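Report on one structure; see the data block that follows.
Computed from the coordinates by the stated procedures, all read-outs in this text should not be read as laboratory data. Quick caveat, the model's predicted, so the values are computed rather than measured. Glycine also receives a Cβ, built like all others from the backbone with ideal geometry; neighbour counts cover every protein chain displayed.
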C-alpha cells in the first residue's frame, strides 16, 4: 500500500534506541542496560523490573501512516505514549519535529501536545457533560481560541468525519463508531501534524471498523497528516499502514511495508502472524506479470491488444475480477498507454499461494 | 492504685484551658457569634418576608422542575400543613438554622475536600479526624460551644456545622480522586495546564459526588438541629425540647411531624438535583 504522494521525506518522529523499564529499581536496571547491555530476562531476574519497551528505533516521515502491531503486553501502548511523553523514556532519544522531547520544559511540552501531536484513544474519552461540538472543540478551547472561531473549526472537523448533523448531541446519544469519529474530529480540529491513534477501532464491530479504517486512511492522506497507529490486528495494520512495525515483548522485530512483511517475514513469530493473511489485496500486478514478449511467445493465438487492461497497481483481487469478465485467461498491464506486461491465470495462482519463485517480472 | 487523680488532673486541665480560651479569645468568639447569628438572621428574615403560601409555591415549583408535578404539589401541601399546625415560624427558623449551618459546612468542606482529593498525605491525616467527628455523640459539640459562644442560635449553628461538614469533605475528596484515568490522559495529551485539568476535567467529574455530599450534609444538619434545641437554638428543636420537658406529647408530635416534612422535602429536592447533575454528566 505504498502512496505515490509521499513527496517529502522529512522525518517527523525519530526514536533512537528507546527503552522503558518499569519497577522500583528501574534506575539501577537502566544503568545496567547502559553499561552492560543486560537482556530483558536478566533485568527481570536481577532487578525485578519489567521492560516495557526494549531498544526500539523507528522513524515516521511526513505524510506517512505508521502502524505498530503487537499483541497485548507487547509494549505498543507504552511505545506510543513515549512519543508524546505521557510516559518518560528510561533511555534513548525521541525527536519530534527536530526537538528532543525529553528536554522540553513543562510549558514547551504542553505546547507541543496542544499544537503538534493529537491523540485518539481506544476508550474515546469524550467528556460526557459536553456536546459533540464542544468535545470536538476541546483542544482549541484549551489553547484559548475564541468560542466562535473554535466552534467553526470544530464544525468543519465534524463535517469531515460525517457528523455535521450531530453537533448539538451529547456523547451518550451516539453509537460507538460515531463516538470514535468525534474523537478523531477532536484530534483533527487542533490541526496537529501528527496524530497518535491508540487502538482506536478495537472496540468496534467488524463492519463499522472496516469503514472507519478506510475513512481514516483517506482523511489522513487527503489532509497530509502523519499518524502512528497502534493495533493488535495485523489485517488492520495492513489496511491502514504505509509501513508496519511488529512488536513482541517490547522489541520491534520487523519494520516494513505490508508487502515486505507478508512476503519476507523476519522470523517465525512474524511468519506465524502472516500465515493467516490473505495476499489478495497485497500482491500487485507489477510483481506477478510477465513481459509481453514472453507472453506472445507462449500464447501466439492471443492478441495482446485485445486483452482487458489494468494498471500495475491493481491487486490480485481486481485481476481475478478482470479475468472472470474476460473470455481469455490473461489481463494486460498498462502504464502510460503502453502494455508493459501480461498477468496470466497461472501467475495469479502463484500470487495467491505466495510461491516464492515468481516468473521473471518486467522491471 | 487510684487512677482518679489522673482523670481529675486532666479534667481540671481541660477546664482551665477552656477558661483561658474564653478569657483571651473573647473577641474572636464574639466575632464568630456575630458572623453566625448575622447570617442566620439574614436568612431567617428572607424566609419570613413572604407569607407561608409563597414559600409553599416556591417549593412546588422547585419540586415540579426537579422531580415532577405531583411531587411539587405534595411538597406544597406538606409545607402548608406545617402552617396549619401553627408551627410556621418555628419551621422557618429551623430551615434558616439548617441552611446557615449547611452553607457554612459547604463553604469550608468543599475546598478542604478538594485539597484532600489532590494531596493524599493530607487526606490520610484528615480521615481519622473525620472518623472521630462522626463517631463522637453529637451532644459533645454543644458543651464547648455553649462555654465559648453562650446560649442561643450561634452555639446550635457551630455544633450543627461541625456535624454537617464531614460528608461534604469526604464526598468532595472522593469525587476529585475518582476522575477516570482515561480522561486524565486525555487532559495530558491535549496539553492542559494543572488549573485547566482541575476546572475542565476533574471538577466536572466530581460534581455528582459533591452534590451527594451536599445532600448528606443537609441530612446531618437536620439531625443535629433538633438536638441543638437544648441550647436554645430556637425553631422546632426547641419546641420539641420544651414539649418533652413539660410532657406535652401532642405538641412534640406536631413539631416532629413538621421536622419530618421539612427534612423530606429538602432531601428529595437536593437528591433530584444531584441526580440531574449526574444525568447531565452521563
Starting from a Cα-only point model with no solvent, please compute log10 I(q)/I(0) by Debye for the stretch A:285-353 at q = 0.16 1/Å. -0.44
Using only DSSP helix segments of four residues or longer, with each worth -39500 (n - 2.57), what per-residue ellipticity at 222 nm results for chain B after dividing by its residue count and rounding to 500? -28500 deg cm²/dmol
Choice from B:192, B:87, B:74 showing the highest fluctuation, given a GNM over chain B with Cα pairs closer than 10 Å: B:192
Just grab the label-to-label distance for residue A:293 and residue B:244, each label 7 Å out from Cα along the Cβ direction, in nm (one decimal). 11.4
With Cα coordinates, the longest principal axis of chain A makes an angle with the long axis of helix A:176-189, in degrees rounded to 10, of 70
Rounded to the nearest Å, what's the spacing between the alpha carbon centres of the stretch A:253-277 and the stretch B:1-69? Just the number, please. 75
When every alpha-carbon pair in chain A is counted, what percent end up more than 35 Å apart? 36
Between the stretch B:113-189 and the stretch A:16-47, what is the separation of their alpha carbon centroids in Å? 45
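Using the Cα gyration tensor of the stretch A:155-240, with a ≥ b ≥ c the square roots of its eigenvalues, what is the shape: rounded (a/c below 1.5), prolate (a/b larger than b/c) or oblate (neither)? The partial results should precede the final answer.
Details: a/c = 1.90, a/b = 1.21, b/c = 1.58.
Cα axes put the stretch A:155-240 in the oblate bin.
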Relative to the longest principal axis of chain A, what angle (0 to 90°, nearest 10) does the C-alpha long axis of helix A:147-160 take? 30
Using only the Cα atoms of the stretch B:12-126, each taken as one equal point scatterer with no solvent, compute I(q) by the Debye sum, divide by I(0), and report log10 of the ratio at q = 0.16, 0.19, 0.23 Å⁻¹. -0.93, -1.03, -1.17
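Among B:82, A:49, which comes first, then next, by fewest other beta-carbon atoms within 10 Å? Display every interim value, and only then the final one.
On the way: B:82 26, A:49 23.
The most exposed by this proxy come first: A:49, B:82.
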Would you calculate a helix-derived [θ] at 222 nm for chain A, using -39,500 (n - 2.57) for each DSSP H run of n ≥ 4 and dividing by the full residue count, to the nearest 500? -11000 deg cm²/dmol
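From the Cα gyration tensor of chain B, with a ≥ b ≥ c the square roots of its eigenvalues, which class applies: rounded if a/c is under 1.5, or else prolate if a/b is larger than b/c, or else oblate? Mind showing how you got there, number by number?
Working: a/c = 2.17, a/b = 1.09, b/c = 2.00.
Verdict is oblate for chain B.
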Using only Cα atoms, locate the centre of the stretch A:278-311 and the centre of the stretch A:317-352, then give the distance between them in Å, rounded to an integer. 5
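Given a Förster distance of 51 Å, report the FRET efficiency between residue B:199 and residue B:48 from their Cβ-Cβ distance, rounded to the nearest 0.05. All intermediate terms of the calculation are to be shown ahead of the outcome.
Details: r = 38 Å, r/R0 = 0.74.
The calculated FRET efficiency here is 0.85.
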Calculated P(r) tail over 35 Å for the protein assembly as shown, as whole % of Cα pairs: 60
Just checking the output field for A:126-133: average partner chain Cβ neighbours within 10 Å of each residue's Cβ? 4
Between residue B:30 and residue A:235, what FRET efficiency comes out of the Förster formula 1/(1 + (r/R0)^6) with R0 = 60 Å and r the beta carbon distance, rounded to 0.05? 0.15
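Which value does Rg/Rh take for the stretch A:182-226 over its C-alpha atoms, Rh per Kirkwood?
0.96
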How far is it, in nm, from the label point at residue B:41 to the one at residue A:301 when both lie 7 Å from their Cα along the line to the Cβ? 11.6
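Please arrange A:25, A:243 by how many other C-beta atoms lie within 10 Å of their C-beta, fewest to most. Please list the in-between numbers first.
On the way: A:25 15, A:243 22.
Sorted ascending by nearby Cβ count, the order is A:25, A:243.
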In nanometres, what is the gap between the two model label sites at residue B:57 and residue A:349, each 7 Å from Cα along Cα-to-Cβ? 9.2
Mind jotting down the three principal axis lengths of the stretch A:59-159 based on Cα atoms? Whole angstrom, largest first. 43, 32, 27
Among B:2, B:41, which comes first, second and so on when ranked by fewest other beta-carbon atoms within 10 Å? B:2, B:41
